[in-house]
Each structure stands twice: as structure tokens, then as C-alpha cells.
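The values are calculated or read from the model by the stated rules, or taken from the named source; none is laboratory data. These numbers come from a predicted model, not from an experiment. Note that each Cβ is placed from the backbone with ideal geometry, even for glycine, and that neighbours are counted across all protein chains shown. The protein model used for the area step is the full one, side chains on, heavy atoms only, and it has no ligands, DNA or RNA in it. Shrake-Rupley method; radii C 1.70, N 1.55, O 1.52, S 1.80 Å.
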Amino acid sequence: MDAKERNLIAKVSKLYYLEGWTQNEICKKVGLSRPIISKLLQQAREKKIVEVYMKDETVHTVELERKLEKKYGLHEAVVVSVSNKGPEMVRRRMGQAATAYLSKKINQFNTIGVSWGKSISTFVEEFQSQQQSHIHLVPLIGGMGQGFVQYHSNHLSFQLAQQLNTSSSYLYAPAVAETADLKNAIKNSKDVAAVLEEGRKVDIAVVGVSSPSSESTMVRMGYLNEQDIGTLNDSGAVGDINSCFYNRDGQLVQHPINDRVIGLDLEEIKEIPEVLAIAEGAYKVEGLHVALKSKYLDVLVTDDKTAESLLEYS
């Protein structure tokens, strides 16, 4: 390794580990692709330029994990400690925990379904490059448009496929169609129907869980507005998975948004052998509780504050 390469690795590592930049932000700063940034960070650890130490907080989090698994009948709960951490660092630690979980089991899977959103984006960004050509990635919901591309399912499936040096399908459709009739026409088109069928057959799905709130990524992306949030709350919606909104009984609410989503619905998600959810936040607790009670999720990655709130929820 020459001095120029070592300096580049040191610069990238400093931005990532000390200043909290995302890999996408570093790409723009240094003018290199994301896979190269990921490999530089990997080299930093291999060459001992960076050494990562974890503070021992396992007693606290392991207890929360066991209680969550018992309360909700989960295959596994993964809880990360986030004391005095900002929102970006919380998402990063959860992304790292989710990638560690999936990596240790990846040889058991042939197909991975990918939903969309901030949490899934961070999960994909934290995934370290590896050679897993037996895996095929499938988006579980449409994802087209010019804004917030980094959160779209097609983009995330493609990114994760790059990290795994493998292949991905693409769902050429918006997440939410303008009308129910247009949604039905798109879903019935040959190419879209074929990818949705692939999604129903994946071995594991990686999803987020949200709630009808002004904090929702769907609001930031323009799929929902404040009026939609109001009518969703009026309809009894408490949460959503893959942009399908459900009530306190875990049933789809009667709302125009649910009639326009192009992706797998709740029952189709539930039929997937393993569903891994990455979610945290006080405003998501009720929706998460219902999703867990309704057995839509098999594995949960969350933070200790959300875990404690879930355990107090009845």
C-alpha cells in the first residue's frame, strides 16, 4: 500500500467513523463509487488503520431481547443501545446490527426481498461487500421517481446486489399509483406481475415499520400529505408495512392509499418464511406492537428505548 492509498483510506475512515458521514456523502466528497468506499473501509479494518471496539452493554440489551422474544413469540430480537446517540447514529447502529444478523444466516437463503425507506437504506449502506452470487434480490414494492431515490426499493435492491456481487430484479412501477385503476393496470402488466410473484417467493424479507405521522418518510417523499395523515388516523390506521396501512386489529384499513399501493400486501408479507423488520421511534411503538402481535414479523431489530416502550405496551 503506497502513501497515497493509505491517506485516502485514512480520510474516508475519518469521515465515516469520527465525523459520522454516510457512505453516500463520502462518495460525493471524494468522487468515488459506493462499492469502492465500502472496500476502503473494509481495508481500513484489515490493515488495522481502524480498530473498532464495542462498549459492553450486552447485559442490558440481551435482557430486552429475551423479553421481546417471549412477549411476541419472535424468532429473534436484536436490540442496540443508543444512549446519548443522535438519530443518524441510531439508524447506523441498527443497520449494522441488521447486516450482522443477515450475514450470519445468508448461506441459508437464495432470495432476499427488500422494501424501502430510511431504515432499509441505512441497512444496505452498512452492508459490507462479500461474494454471494447464489443470492438474488427482489424489490417488494414499486419505486420510481426523481425524488429521494436513495430510499426507493429498486435502488436499494440494486445497491445490495452490488454489495453481494450478485443479481437483482426491478419493479418498474411507482410505490403508490395515482389511481386504483392505474394501480390495477400496472400490477397486471406482465413484467410487474412477474416481479411481484418473485417477491411472494423470497426466503426472507427486510422491511421497515412506520405509522401515519408527519414524521413518516412517505410524507417527505410526497406520497402522503397532512390531509392524508388526518384521514388515515380517522380510518383507524396505527401502522404500515410496505406502505400497507393497518388498524389496531392488524387488518388493512379502508383508505384510498391502500387501494393504490403497488407491492406485496400484508397477507403476502406474512406468508414469507422470515420477515426481518428494522424500526425504532416513539411514534412507531403502537404500530410495531400491532405488527408483532399480528405475527407479520419474525425478527425485530430496534433500539433499547423502543424495546422498553414495547415491553411496557399492553
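Taking amide H as placed 1.01 Å from N in the peptide plane, HIS136 has its amide H under 5 Å from the amide H of THR111, ILE112, each at least 5 places away in sequence or on another chain. Label sites at LYS39 and ASP191, each approximated as a point 7 angstrom past Cα along Cα to Cβ, lie 3.0 nm apart. Applying a threshold of 22 Å to the alpha-carbon distances of LYS67/LYS284; LYS4/LYS47; LYS14/LYS104; LYS187/LYS293; LYS39/LYS104 flags LYS14/LYS104; LYS187/LYS293 as lying beyond it.
Computed over protein heavy atoms with a 1.4 Å probe, the carbon and sulfur contribution to the accessible area of the chain reaches 49%.
Computed extension length for ASP249-LEU18: 78.7 nm, one decimal, from 0.36 nm per residue of separation with the Cα-Cα distance subtracted. Once both labels are positioned 7 Å from their Cα atoms along Cα-to-Cβ, the gap between LYS85 and LYS201 label points is 3.8 nm. About the centre of its Cα atoms, region 247-314 shows a dipole size close to 180 debye [charges on the beta carbon of Lys, Arg (+1) and Asp, Glu (-1) only; nearest 20 debye].
Taking 0.36 nm per residue of sequence separation and removing the Cα-Cα distance, the SER103/GLN150 pair yields an extension gain of 14.7 nm. Given their separation in residues at 0.36 nm each and the Cα-Cα distance between them, TYR313 and LYS48 gain 91.0 nm when the chain is fully extended. Between region 115-191 and region 60-100, how far is it from one alpha carbon centroid to the other, in angstrom? Computed from Cα coordinates, the inter-centre distance equals 25 Å. If R0 equals 25 Å, the separation of the Cβ atoms of ASN7 and HIS75 corresponds to a calculated FRET efficiency of about 0.05.
Taking only protein heavy atoms into account and a 1.4 Å probe, give the accessible area per residue of the chain in Å². Present the calculation step by step, with values, prior to reporting the outcome.
Numbers: 14500 Å² over 314 residues.
Each residue of the chain exposes 46 Å² on average to a 1.4 Å probe.
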